[in-house]
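> Let me give you the structure first, and then I'll get to my questions.
The values are calculated or read from the model by the stated rules, or taken from the named source; none is laboratory data. Worth saying up front: this structure is predicted, and the values here are computed from it rather than measured. Here Cβ is always computed from backbone atoms with ideal geometry, including for glycine, and neighbour counts include all displayed protein chains.
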Amino acid sequence: MHTFKKMAGTAAVFISTTYDKASPVERDGLVWTADELHLTDLSTHTQSKPALASVLALEGLEDYEPPQEGDVRTVDAMGIDFVYVKKIKGWVQCEPANAVATP
């Protein structure tokens, strides 16, 4: 079972607990499963969007380019992709196990 932790300083950005590079995560010990983050409900249709500099920029999209279910954005500072999950109104790191295909 794959698990995720919320990134510190964000409202709804989740990173894999297996991510092995330095990254600020909440230290409260809470973890979420793919089911809890509704990744299993995510449509197989995804859409790549332009890369962003940081995870904080993901949350800033709400103001000027509201994300849609299945939007995928690369975060340059981390070199990884995140997918938008509408049910949680948040971004979850894409993993090979739930890798997303781009049209």
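> Can you find even one residue in the stretch 48-56 that is outside any loop (DSSP other than H, G, I, E, B) and modelled with pLDDT under 90?
The answer is yes, given that some residue of the stretch 48-56 is outside any loop (DSSP other than H, G, I, E, B) and modelled with pLDDT under 90.
> Can you name the residue in the stretch 57-83 that is assigned to a helix (DSSP H, G or I) and either among the basic types (Lys, Arg) or more than 22 Å from VAL25 (Cα to Cα) (or both) and is also modelled with the highest pLDDT among such residues?
Across the stretch 57-83, the extreme among qualifying residues is TYR64.
> Filter the stretch 12-50 for residues that are over 15 Å from LYS86 (Cβ atoms), in contact (Cβ under 8 Å) with a residue 12 or more places away in the chain and either small (Gly, Ala, Ser) or in contact with a Leu (Cβ under 9 Å, 6 or more places away or on another chain) (or both) and give the result.
Once the filter is applied, which keeps residues that are over 15 Å from LYS86 (Cβ atoms), in contact (Cβ under 8 Å) with a residue 12 or more places away in the chain and either small (Gly, Ala, Ser) or in contact with a Leu (Cβ under 9 Å, 6 or more places away or on another chain) (or both), the stretch 12-50 yields SER16, SER23, THR33, ALA34, SER48.
> Could you please find all residues in the stretch 41-59 being over 14 Å from the mean Cα position of the chain (by Cα) and within 17 Å of LYS89 (Cβ to Cβ)?
Once the filter is applied, which keeps residues that are over 14 Å from the mean Cα position of the chain (by Cα) and within 17 Å of LYS89 (Cβ to Cβ), the stretch 41-59 yields ASP41, SER43.
> Would the stretch 84-93 turn up any residue that is assigned to a loop (DSSP other than H, G, I, E, B), under 19 Å from SER23 (Cβ atoms) and either modelled with pLDDT of 90 or more or acidic (Asp, Glu) (or both)? Give the steps one after another, and end with the answer.
Within the stretch 84-93, the subset assigned to a loop (DSSP other than H, G, I, E, B) is 89.
Filter once more, keeping what is under 19 Å from SER23 (Cβ atoms): none.
No, the stretch 84-93 contains no residue that is assigned to a loop (DSSP other than H, G, I, E, B), under 19 Å from SER23 (Cβ atoms) and either modelled with pLDDT of 90 or more or acidic (Asp, Glu) (or both).
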